[in-house]
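The values are calculated or read from the model by the stated rules, or taken from the named source; none is laboratory data. Note that the structure is a prediction, hence the values are computed from the model and not measured. So basically every Cβ, Gly included, is an ideal-geometry build from the backbone, and we count neighbours across all protein chains shown. Just the protein is used for accessible areas: all its heavy atoms, side chains included, with ligands, DNA and RNA removed. Shrake-Rupley method; radii C 1.70, N 1.55, O 1.52, S 1.80 Å.
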Amino acid sequence: MASALTAATRRRLDTQHLQDAAFRSATQLFAVGVLVLLGAILLALAVGAAPAFEKFGWRFLINQSWNPVTENFGALPAIYGTLVTSLIAMVIAVPLGFGIAVFLTELCPPPFRRPIGTLIELLAGIPSIIYGIWGFFVMRPIMAAYVQPALTDSLGQVPVIGALFSGPPFGLGVLTAGIILAFMVLPFVAAVTRDVFLTVPPMLRESAYGVGATTTEVVRDIVLPYTRTGVIGGIMLALGRALGETMAVTFVIGNANRLQPSLLSPGTTISATLANQFAEAKDDMYVSALFALGLILFVITFLVLAAAKLMLLELEQRAAK
């Protein structure tokens, strides 16, 4: 009887070891598959962009021309538009998202917290083309009739920064695209920030309020130090979304391959250029230039996410000391 039990136990253990080994191998395969897919995408972009970089070299990054007829291509206007629209979006979305998160976790009456939070999360599910249509038919007339003329008459007259707000009020432009992007990434910033704020132990909050701390002091001295890693992660997630957004930006940025200092002027981004021109690109050099833009966008996004990861690691190391 004892030997039979021992044999059964041994078989069961052998089966468990085989299952563990199979599970470990499967998860490793999934992880390697992601790396292989990432490498394949990077390789395809690099191979497609090689002719453009062979012809133009690093001048492709600083050249302002984009002329398919003469096959003279440069990425600077698209790079500039991508970075500036994303910066405008983050300048608007981060304070608003932070304020929404503070309101939902610290000030909002409990019966309204879940409905408001759900509505904010639903904004993230709206297709980008809907934002683009809304921006073109609603935001563009408002920008052309009210916002841009007001900016031109006020900030446009200020020395140094006046060039950023000069020019005719088209309604379309870099500023409009940045505002639309802000609406798109706001749900990511607000939802992630709210979720990480909720991870703060209630005892810490109650202790701070118990010794007479105000809401501002609790958020500044308790909530933010405890959750800063998650908050920065949410901001970088939103920035990655803003850098790669296509359809909404294409509707409202004006799609002009020109580098202009004014935020009110039409411009372009890398993703908008790809969406507008890939279907009509016939010549090999034209296609290669578009592949080069895709590779540049890939590298920019990778560098932003890598910098965010390094920043988070640095914050964690400081917190551990």
Largest first, please: the extent of the C-alpha atoms of the range 126-188 along each principal axis, to the nearest Å. 40, 23, 13
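Please give the per residue accessible area of the chain, computed with a probe of 1.4 Å over protein heavy atoms only, in Å².
Values: 17570 Å² over 321 residues.
Value for the chain: 55 Å² per residue.
In square nanometres and to one decimal, what's the mean projected area of the convex hull around the Cα atoms of the chain? Intermediate values should be presented prior to the final figure.
Working: hull surface 108.7 nm².
Seen from a random direction, the Cα hull of the chain projects 27.2 nm² on average.
If you rank Y226, Y286 by how much accessible surface each has, with a 1.4 Å probe, what is the order from largest down?
Working: Y226 120, Y286 15 Å².
Ranked from most to least accessible, the order is Y226, Y286.
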Projected label distance in nm at V36 and F112, using a 7 Å step from Cα toward the beta-carbon: 5.3
Taking the Cα atoms only, what angle lies between the long axis of helix 110-123 and the longest principal axis of the chain, rounded to 10 degrees? 60
Using distinct alpha-carbon pairs, which all enter the 1/r mean, Kirkwood radius of the range 175-321 in Å: 18.2
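Taking only C-alpha pairs under 8 Å that are 6+ residues apart, what is the relative contact order of the chain in percent? Present the calculation step by step, with values, prior to reporting the outcome.
Numbers: 404 pairs, mean separation 84.3, N = 321.
Taking the mean separation of contacting Cα pairs over the length of the chain, I get 26 percent.
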So if I take the centroid of the Cα atoms in the range 270-321 and the same for the range 32-54, what is the distance between those two points in Å? 12
For helix 224-244, report the angle its Cα long axis makes with the longest principal axis of the Cα atoms of the chain; keep it between 0 and 90° and round to the nearest 10°. 50
Per-residue accessible area for F23 at 1.4 Å probe radius, Å² rounded to 10? 140
Relative contact order of the range 73-232, pairs being alpha-carbon contacts under 8 Å that are 6 or more residues apart, as %: 35
Largest-first ranking of W58, W134 by accessible area, probe 1.4 Å, whole protein assembly kept, is W58, W134
Roughly how tilted is helix 174-197, in degrees to the nearest 10 and between 0 and 90, from the longest Cα axis of the chain? 20
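I'd like the projected area of the range 246-321, averaged over all directions, using the convex hull of its alpha carbons. Report it in nm² with one decimal. Write out the running numbers ahead of the final one.
Working: hull surface 28.7 nm².
In nm², the orientation-averaged hull projection of the range 246-321 is 7.2.
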Residue-averaged 222 nm ellipticity for the chain, from DSSP H runs of 4+ at -39500 (n - 2.57), nearest 500: -23000 deg cm²/dmol
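For the range 1-159, build the convex hull from the C-alpha positions and give me its volume per residue in Å³. Show your work: numbers first, answer last.
Numbers: hull volume 50.2 nm³, N = 159.
Taking only Cα atoms, the range 1-159 has a hull volume of 316 Å³ per residue.
Leaving out ligands, DNA and RNA, and with a 1.4 Å probe, what % of the accessible surface on the chain is carbon or sulfur?
Details: 12480 of 17570 Å².
The value for the chain is 71 percent carbon and sulfur by accessible area.
Determine, from the Cβ-Cβ distance of L123 and L13 and an R0 of 45 Å, the FRET efficiency 1/(1 + (r/R0)^6), rounded to the nearest 0.05.
Values: r = 52 Å, r/R0 = 1.15.
E(calc), rounded to 0.05, equals 0.30.
For V91, V218, V69, V304, what's the largest-to-smallest order of accessible area, 1.4 Å probe?
Numbers: V91 95, V218 0, V69 135, V304 35 Å².
Most to least solvent-accessible, the answer reads V69, V91, V304, V218.
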